[in-house]
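Contents: one structure, followed by commentary.
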Amino acid sequence: MNRVLSAETVSPELEAGGILTVDLAALTANWQLLGRRSLPAEVAAVVKADAYGCGLEPVASALLRAGCKTFFVASIGEGRRLRSIAPEAAIYVLNGFPPGTGPAFAECRLQPVIGNMAEMVEWDAFRTSAGWPGEWAVHVDTGMNRLGLSVAEASALAPRLERQHHGITLVMSHLVAAEIADHPLNAQQIEAFREIRRLFRGVTASLANSSGIFLGPAAQFDLVRPGVALYGANPTPGANPMQPVVELKARVVQVRTIQRDQTVGYDATWTARRTSRIAVVGIGYADGYLRAASAADGVAGGEAVVAGQRCPIAGRISMDLLALDVTEIGSGVRRGDLVTLLGDGIGVDDLAAFGSTIAYEVLTSLGRRYHRVYRTG
């Protein structure tokens, strides 16, 4: 008689294409480091885009335990998720006040970051008609030319708001080039925002993002809003002061030997220059591993750590698979072995460089097919 084993005998790590480990202790240590650099300013946390791909609920829970009181999300939906675990936190919605969404803001006690007059008029009308003293933030554009009231609009608005109960709890702007410490726009924006702050007396002022914190006290004002640095990306042009937060491993599906002049992967872009050992790994661009990190003849791509040694990608990254040239390891890699794509010295900034992009894209692309592990110590 055939005997079928229970599915419970197969571990989640084996069922998944890869294992993504998020080090929550490192994340909170990063938040605390940024707080020390920003004293006496309050340090908030930006947890939009599912906490930069790391998981909104576990990340926010860890930050709440560490003492974070103020959070920023992009949308109402993110704010609703966050409110379910953070009943007392201040939650700002960066993408503003979409038409007709007043009841959702009131229900979840969210604070829109308002950046144009049409939003402001509708928000004021909703607060009046609902009899709800909702709080909100004013976003002033000091150079990004993306969202925000103009400096002139903010200057005209401020005296009027002083004469009424306005509910403004934050005035903010966004730096254009904070990661380039000597960029002239930094000084211009800091000075412009200093003038804006004078107009909104008694209101908390916020300008600095992750990189802005490292511009020093002049950029920090009352509250700083770190995002990507919390998750281990480098907010400075020098050595990374942040602890790595994410580790990504995937399993070898097959190891094969190919002969010199044979090609690997779609469109035959990579050619073996010798008899080569190729490890095929069960992860691809559907999992957020950037296709742009592919390798071709004469063009290096990404790397992974296999048996303690860096090995280069061979050929195009496909939807579910990538190939590594493990010739130097010889027989040291076998089907079922785990290889490291993030970690062991390969940081999110390194993977971003492999794919000619930024750490933000690497983090927010992290796929949902991974088995996720949250480490707290």
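A compact table of results
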read-out	value
Fewest-first ranking of THR340, THR9, using other Cβ atoms within 10 Å as the exposure measure	THR9, THR340
Where labels lie 7 Å past Cα in the beta-carbon direction, separation of ASP261 and GLN243 in nm	5.4
Environment charge of GLY77, counting only residues whose C-beta is closer than 14 Å and scoring Lys/Arg +1, Asp/Glu -1	0
Stretchable slack from HIS371 to ASP350, in nm (0.36 nm times residue separation minus alpha-carbon distance)	5.3 nm
Value of [θ]222 nm, deg cm²/dmol, for the chain, DSSP H segments ≥ 4, -39500 (n - 2.57) each, nearest 500	-8000 deg cm²/dmol
Loop trypsin sites (Lys or Arg not before Pro), region 311-377, which have at most 14 other Cβ atoms in a 10 Å radius of their Cβ (DSSP)	ARG334, ARG335, ARG368
log10 of Debye I(q)/I(0), alpha-carbon scatterers only, for the chain at 0.15 Å⁻¹	-1.23
Proxy reagent accessibility, fewest Cβ within 10 Å first, across VAL246, VAL305	VAL305, VAL246
Relative exposure of LYS69, LYS48, LYS249, judged by other C-beta atoms within 10 Å (fewest first)	LYS69, LYS48, LYS249
For region 23-65 versus region 111-176, the gap between their alpha-carbon centres in whole angstrom	26
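No value in this document is a laboratory result; all are computed from the given coordinates. Owing to the predicted nature of the structure, the values given are computational and were not obtained by experimental measurement. Every residue, glycine among them, receives a Cβ derived from its backbone with ideal geometry; neighbour counts consider all protein chains shown.
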